[in-house]
Amino acid sequence: MFGVVVCPKCHRARGADLSNQTTRCAHCSHIIDLSKARVYARTDSKEKLPEAVRRMTEKLAVNIEDYPAERKRPLARASEQTKKPKKADALNLEELRSLATDLNRGKEYFDSKDVQLSLKLERDEDVQRLIDKMLDRGVIFQPQAGRFRIV
């Protein structure tokens, strides 16, 4: 049996094999105790799990304002908030999906270097911000640390 849980540390949806006692969050490496974690969706099929994770990620992105203050992600520093948006920040959901499809085409996984080369981004911060945006919108998921796949 597989299920969708949300990491209590970074609040990202993640798929887990519920027959295990724990799972590690692919984003923040926090160990999640599955006996205590709330399971938001269950499935018998591992193939259906990425879609369930994507739906939960979209639900979290829409309802982020409903989170209690202590569960919200920290706000960006003031210096980051005043910077002009970069090309990568201006991508809409459809463009993010198209980018992810291109990055994943012909490969099992892609990584941050692929993202950086694809958009010719110079700063690692911009690359990470774009990856976080794709993760938050449910466009990609992270089956292994540093490796990404389209949902």
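Numbers below:
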read-out	value
Residues that are surrounded by 17 or more Cβ atoms within 10 Å (Cβ to Cβ) and of a type in the set (A, V, I, L, M), drawn from the stretch 106-118	Val115
Meets criteria (touching a Lys or Arg at 6+ places or on another chain (Cβ under 6 Å), under 30 Å from Pro8 (Cβ atoms) and modelled with pLDDT under 90) for Asp126	yes
Residue list for the stretch 18-37, filter: within 18 Å of the chain's Cα centre (by Cα), of a type outside the set (A, V, I, L, M) and on the phi < 0 side of the Ramachandran plot	Thr23, Arg24, Cys25, His27, Cys28, His30
All positions within the stretch 130-146 that are at negative phi and surrounded by 17 or more Cβ atoms within 10 Å (Cβ to Cβ)	Leu130, Ile131, Lys133, Met134, Leu135, Asp136, Arg137, Val139, Ile140, Phe141, Gln142
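The values are calculated or read from the model by the stated rules, or taken from the named source; none is laboratory data. On a predicted model such as this, the values are computed, not experimentally measured, just so you know. With ideal geometry, Cβ positions are generated from the backbone for all residues, glycine too; neighbour counts draw on all protein chains shown.
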